1. What pairs come out if I take residues in the stretch 90-104 that are at pLDDT 90 or above and pair them with residues that are assigned to a helix (DSSP H, G or I) and among the aromatic types (F, W, Y) whose C-beta lies under 7 Å away, six or more apart or interchain?
2. Give me the pairs: first residue in the stretch 58-70 and assigned to a helix (DSSP H, G or I), second residue open to solvent by less than 80 Å² (accessible area, probe 1.4 Å), beta-carbon distance under 6 Å, and six or more apart or on different chains, which are they?
3. In the stretch 83-96, which residues are open to solvent by 40 Å² or more (accessible area, probe 1.4 Å) and in contact with a Phe, Trp or Tyr (Cβ under 7 Å, 6 or more places away or on another chain)?
4. Within the stretch 37-47, identify whether any single residue is among the aliphatic types (A, V, I, L, M), at negative phi and exposed (fewer than 15 other Cβ atoms within 10 Å of the Cβ), and answer yes or no.
5. Within the stretch 139-156, how many residues turn out to be outside any helix (DSSP H, G or I), on the phi < 0 side of the Ramachandran plot and more than 30 Å from the chain's Cα centre (by Cα)?
6. Within the stretch 206-223, is even one residue over 30 Å from S164 (Cα atoms) and within 18 Å of the chain's Cα centre (by Cα)?
7. Testing P120 on (1) assigned to a helix (DSSP H, G or I); (2) within 30 Å of K78 (Cβ to Cβ); (3) open to solvent by 70 Å² or more (accessible area, probe 1.4 Å), one condition comes back false. Which one is that?
8. Considering only residues that are touching a residue at least 24 places away in the same chain (Cβ under 8 Å), open to solvent by less than 40 Å² (accessible area, probe 1.4 Å), over 18 Å from F119 (Cβ atoms) and of a type outside the set (A, V, I, L, M, F, W, C), which ones fall in the stretch 158-184?
Amino acid sequence: MKTAAVKTYKKKKNYKLLFWLLPFMVFVLLFNYVPLFGWSISFFQYTPGSSLSAENFVGLKYFKQFFLDTVDMWRVIKNTLTFAVLNLIVMPLPLVFAILLNEVPHKGYSKFVQSITTFPNFISWVIVYSLAFSLFSTDGVINSILMGMGVISKPTNVLSSASSVYWFQTCLGIWKSLGWSSIVYLAAISGIPQELYEAASVDGAGRFQQMLHVTLPGIAETFIVLLLLSIGNFISVGFDQYFIFQNPVTLKKLEVLDLYVYRLGLINKSYSYSTAIGMIKSVISLVMIFGTNQLAKKIRGNTII
């Protein structure tokens, strides 16, 4: 009787948890899956406000246009892949930062540093642009200081320099996300048994050797999982940052795939073509996610999905 009562109690508890989860499931359904019905306009020469039944069916016309648009499309793909590769290159930085932060003996100071570096993640890109403009524009603080010290003879506006786009935007992304991205590594480090550090200390390992042979292997699997997930989202490099920092000089190098779809759909009113590009992007991301999942199975012995 007690066993049956326990099972009944667990079932009721699970139903309560499912009930609390239901609003979030509805939210995901409405904003992630219901809009997928809009993909149908990519097969029609769609005009806003009219019914699809009254539009001309064009089949795969706009999908073919994606591969034939060699003037703009390949430039956009180049920009997207460049930022994606740069993001992969700098991906170990939060891991290194978390390890170094964990080695700080004064915990109050380490928490202060963690809070300061995490805060930029909650700043909107509009505010980030305002700060960057105040610092790096022609009349900004950096140019004023360098000219006052005699380091440069004339100011340089990094925000309007096409040659500085890739590295400058990557550095801004690092500054904004470094502290926030390191949280998952700090959590993984906290899960490493202290007995391993004590055993390494007994064996004569110093702090650097403990960091190298205990901490790093302890969070290596976390890094691999995040790396594989980032590969699955390889062509999704974001929109907000590049939309805010674009200008006539830097647009050709800042226009990534998401920004290009926005320009086509909402500015040039090419709804069908922009929808087709979005579909292709989603299919590529889906293929990469499942490919990454199989790669994870070979590397780790189990999948991430």
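1. P94/Y185; L95/Y185; L95/F223; A98/Y185
2. Matching pairs, first to second residue: Y62/S42; Y62/S272; Y62/Y273; Y62/A276; F63/A276; F66/I277; F66/I280.
3. From the stretch 83-96, those open to solvent by 40 Å² or more (accessible area, probe 1.4 Å) are 85-89, 92-93, 96; that's our starting set.
Scanning the stretch 83-96 gives a single hit, L86.
4. Of the residues in the stretch 37-47, the ones among the aliphatic types (A, V, I, L, M) are 41.
Within this subset, residues satisfying the condition of being at negative phi are 41.
From what's left, exposed (fewer than 15 other Cβ atoms within 10 Å of the Cβ): none.
No, there is no match, as no residue in the stretch 37-47 is among the aliphatic types (A, V, I, L, M), at negative phi and exposed (fewer than 15 other Cβ atoms within 10 Å of the Cβ).
5. We begin by selecting, within the stretch 139-156, every residue outside any helix (DSSP H, G or I); these are 139-140, 149-156.
The next check asks that each one be on the phi < 0 side of the Ramachandran plot; those that pass are 139-140, 149, 151-156.
When the remaining residues are screened for being more than 30 Å from the chain's Cα centre (by Cα), the result is 139, 149, 151-155.
Residues flagged as outside any helix (DSSP H, G or I), on the phi < 0 side of the Ramachandran plot and more than 30 Å from the chain's Cα centre (by Cα) within the stretch 139-156 amount to 7.
6. Filtering the stretch 206-223 for residues over 30 Å from S164 (Cα atoms) gives 206-222.
Narrowing the set further to residues that are within 18 Å of the chain's Cα centre (by Cα) leaves 222.
Looking for residues that are over 30 Å from S164 (Cα atoms) and within 18 Å of the chain's Cα centre (by Cα), one finds at least one in the stretch 206-223, hence yes.
7. Here P120 meets the rest and fails (3).
8. Listed by number, the residues that qualify are S161, Q169, T170.
The values are calculated or read from the model by the stated rules, or taken from the named source; none is laboratory data. Since we're looking at a predicted model, the values are computed, not measured. Neighbour counts run over all protein chains shown; Cβ positions are idealised from the backbone, glycine included. Remember, those area values only see protein heavy atoms, side chains included, never the ligands or the DNA or RNA. Shrake-Rupley method; radii C 1.70, N 1.55, O 1.52, S 1.80 Å.
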